[in-house]
Amino acid sequence: MSIHLLNCFTCNARRPNTLKTGTVCLLIESNEGLILVDTGLGLDEYAHPSGMTKLFRVITIMPFDQNEAAINRVQKLGYQPEDVKHILLTHMHFDHCSGLADFPHAKVHVHRREYEAFTEGKIRRFTEFAYVPRYIAHKPEFILYEKVDSKWYDFDAIRLPFEPEMYFIPLFGHSRGHCGVAIKTSGGWFFHAGDAGAVYDNETPKWLIQLVLGPHDAALRTFMKAHPEVLVSNSHMFPDFFTQHSIVI
Ligand SMILES: [Zn+2]
């Protein structure tokens, strides 16, 4: 069994133009069928781009290639969309959940605070313009999490009901209920920190990281130094990341 690293949305900076990123989605072969972590941009977003996607097409360099949509990535690996039984969301911004409708049978697992922020309909922070209600118009079944019941290293953690062993790691700030995901693999732990940090990016100023991604970036970098045995990613990784690792569970 393995974890496939999928780039489900390429978005490159205009300045510095060396800063190129793909959006990390994980396809995990589990005891409960395939689990997708985040969806990237979905097919409907390509057909009817939201305001955020239109804005990003102006301020970044975006190929906007629907071959990158998770549903196409999954099919290219030889699976059917119905094989994806569960979707874990780090958070519900456009570039992380606009593909939910491409997997209408999947149960959607997310922190309760994030679901409530998405459905509340009140913008409390500029990043919340990235919440687009129609992404859940197909009314998927949601499984909501709130109670911390474990520790993963020094982080508070919420055990998820799957094998391999995995946890939501609450890292609030970038969005109200943002969580990372820690997954046990045969080679050690893989910690996907979502949009809570820019851990491999040394070009973006610290104040901008703090403003957009929230308060956890420095602690995540400290964690990475202390635990080189843990593979850490954030949501928007350099292009080589997707081919550098083959992760066996
Ligand atoms: Zn985000």
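Annotations
- Computed over the chain with a Gaussian network model linking Cα atoms closer than 10 Å, the most mobile of His138, His91, His48 is His48.
- Among Pro49, Pro63, Pro140, the largest mean-square fluctuation in a Gaussian network model of the chain (Cα springs under 10 Å) belongs to Pro63.
- Gyration tensor verdict on the chain (Cα atoms; rounded if a/c is under 1.5, prolate if a/b is larger than b/c, oblate otherwise): rounded
- Shape call, region 123-174: gyration tensor on alpha carbons, a/c limit 1.5: oblate
- Packing order of peptides 79-88, 174-183, highest average first: 174-183, 79-88 (average count of other Cβ atoms within 10 Å over each peptide's residues).
- Cysteines having no other Cys beta carbon under 4.7 Å from their own, within the chain: Cys11, Cys97, Cys179
- Rounded to the nearest 5, the antiparallel percentage of DSSP beta bridges internal to the chain is 70%.
- For Glu116, the solvent-accessible surface with a 1.4 Å probe is about 90 Å², rounded to the nearest 10.
- Restraint check, Lys85/Lys139; Lys54/Lys206; Lys20/Lys107; Lys20/Lys225, Cα-Cα greater than 20 Å: Lys54/Lys206; Lys20/Lys107; Lys20/Lys225
- Solvent-accessible area per residue for region 138-248 (1.4 angstrom probe, square angstrom): 48
- Rounded percent of accessible protein surface that carbon and sulfur make up, the chain, 1.4 Å probe: 54
The values are calculated or read from the model by the stated rules, or taken from the named source; none is laboratory data. Only a predicted model underlies this, so the values are computations on that prediction, with no experimental measurement involved. Don't worry about glycine lacking a Cβ; one is built from the backbone with ideal geometry, like all the others, and counts go over all protein chains shown. To get the accessible areas, we keep the full protein, side chains included, count just its heavy atoms, and leave off ligands, DNA and RNA. Shrake-Rupley method; radii C 1.70, N 1.55, O 1.52, S 1.80 Å.
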